[in-house]
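The structure under discussion appears below in the form of structure tokens.
The values are calculated or read from the model by the stated rules, or taken from the named source; none is laboratory data. It should be emphasised that the depicted structure is a prediction, and the values quoted were computed from it without experimental measurement. Glycine gets a Cβ as well: all are built from the backbone with ideal geometry, and neighbour counts include every protein chain shown.
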Amino acid sequence: MNIIVTGGAGFIGSHLVDRLVQEGHRVLVIDNLSSGLRTFVNEQAEFLELDIRDEKIHNVFENFQPDYVFHEAAQTVVAESMVHPTEDCDINLMGLLNLLQASVKVGVKKFLMPSSAAVYGDLEVLPLTEELAGVPRSCYGLTKLTTEGYLRIYQESFGLSYICYRYSNVYGPRQGNGGEGGVVSIFCEHVANGESIKIFGDGEQTRDFVYVDDVVEANILGLNNDVTGVINVSTETGISVNDLIDTLEDIAGTTVTRHYEEPRIGDIKHSLLSTAKAKQCLGYMPKWTLQKGLENTYHYVKDNR
Ligand SMILES: NC(=O)c1ccc[n+]([C@@H]2O[C@H](COP(=O)([O-])OP(=O)(O)OC[C@H]3O[C@@H](n4cnc5c(N)ncnc54)[C@H](O)[C@@H]3O)[C@@H](O)[C@H]2O)c1
């Protein structure tokens, strides 16, 4: 099948492209390389350096005739969305609308993309389930929540099927240091270099980390399934930032100094996503333990410093 992957030169997108190519699909990557790397793009995929907001997207869709679209390109840095909210909105919403319009025009069968745990905000209920009304604490979370609304309207009004995955904190090889889940790659680099680690808050905030291969698997399950709507993707297992660093120190056989700083605006205290819907609708079952995923990521970061 013909599949377009936006953001396919980035962390999650490039792993997804590898899997789609491996499964024999014809893949076109669209990426402006603002944070992604050309070298991450699978050699068997076609590549176009283009911004998702560009009008040329419509000709590209006409020529390539995609059956499916995976839209991974985004402004992904929560803190950045608070400093430059118009840029965040422009990329994450105007870029989305450009792609949705082009998808409807050429009759795309399904549009699959991430939302984020950030849409929930600081809700007290854990684990977080999809039907809860989220109250985002950041502009990034708000553009993701608005994304979900646009997808619903495009399905209801124009018949475009979709899945919008609320990823928790994704980690793994090729992750940059800036994005949402970048804390793992940042910590890996500091531990590998024997450098001190800066922690925002007391380190007791918890996150639900999911290895990138499990996220790719959820996307592939969505491709081969009639389900449509919003679905969490996580491991439903929380770990504190302090425990995460302990685990990395064990893997590396070293210890590092920790500096505790003020929490950042928009940061969430606890985040744990329910996987019940993903299991029921997609047959999703995360395969990677945190220990194994962190070992892989740590060795990748150490070897690619
Ligand atoms: N990493 C996480 O933990 C996490 C968690 C929740 C949701 N997400 C979402 O998953 C998606 C992928 O995130 P990632 O971690 O792989 O980020 P990433 O920064 O590694 O990848 C994003 C890619 O999009 C490209 N891009 C950015 N703006 C673009 C534009 N205007 N036009 C074309 N290309 C553009 C970048 O060059 C990059 O290759 C994003 O939508 C992000 O919000 C990520």
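Quick grid of which residues meet (1) part of a loop (DSSP other than H, G, I, E, B); (2) more than 8 Å from the ligand (Cβ to nearest atom); (3) crowded, with 24+ Cβ neighbours inside 10 Å; (4) not assigned by TED's automatic domain parsing to the domain that holds S34:
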| position | (1), (2), (3), (4) |
| --- | --- |
| T76 | yes, no, yes, no |
| S81 | no, yes, yes, no |
| L93 | no, yes, no, no |
| L96 | no, yes, yes, no |
| V104 | no, yes, no, no |
| A118 | no, no, yes, no |
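Select, from V212, V241, the only residue that is of a type in the set (V, I, T) and closer than 30 Å to V21 by Cβ.
Criteria check complete, one pass: V212.
Report yes if D54 is charged (D, E, K, R), part of a loop (DSSP other than H, G, I, E, B) and touching a residue at least 24 places away in the same chain (Cβ under 8 Å), otherwise no.
Spelling it out, D54 is indeed charged (D, E, K, R), part of a loop (DSSP other than H, G, I, E, B) and touching a residue at least 24 places away in the same chain (Cβ under 8 Å).
Which of the residues spanning segment 178-200 are within 19 Å of A252 (Cα to Cα) and within 12 Å of the ligand (Cβ to nearest atom)?
Result: G182, V183, V184, S185.
Only residues in segment 1-15 that are at positive phi count as the first member; pair them with residues that are near the ligand (Cβ under 6 Å from one of its atoms) and in a strand (DSSP E or B), Cβ under 6 angstrom, at least 6 apart or cross-chain, and list the lot.
That search, which allows pairs on different chains as well, returns G7/D31.
Testing G283 on (1) surrounded by fewer than 17 Cβ atoms within 10 Å (Cβ to Cβ); (2) within 18 Å of the chain's Cα centre (by Cα), one condition comes back false. Which one is that?
(2)
So, restricting to strands (runs of 3 or more DSSP E) that lie completely within segment 169-283, which ones have at least 3 residues that are outside the structural domain of P136 (by TED's automatic domain parsing) and closer than 30 Å to Q155 by Cβ?
none
For segment 120-139, what are the residues that are surrounded by 22 or more Cβ atoms within 10 Å (Cβ to Cβ) and modelled with pLDDT of 95 or more?
Across segment 120-139, the qualifying residues are L128, C139.
Would you be able to tell me the number of residues in segment 12-71 that are near the ligand (Cβ under 10 Å from one of its atoms), polar (S, T, N, Q) and surrounded by fewer than 18 Cβ atoms within 10 Å (Cβ to Cβ)?
Adding up the residues that qualify gives 1.
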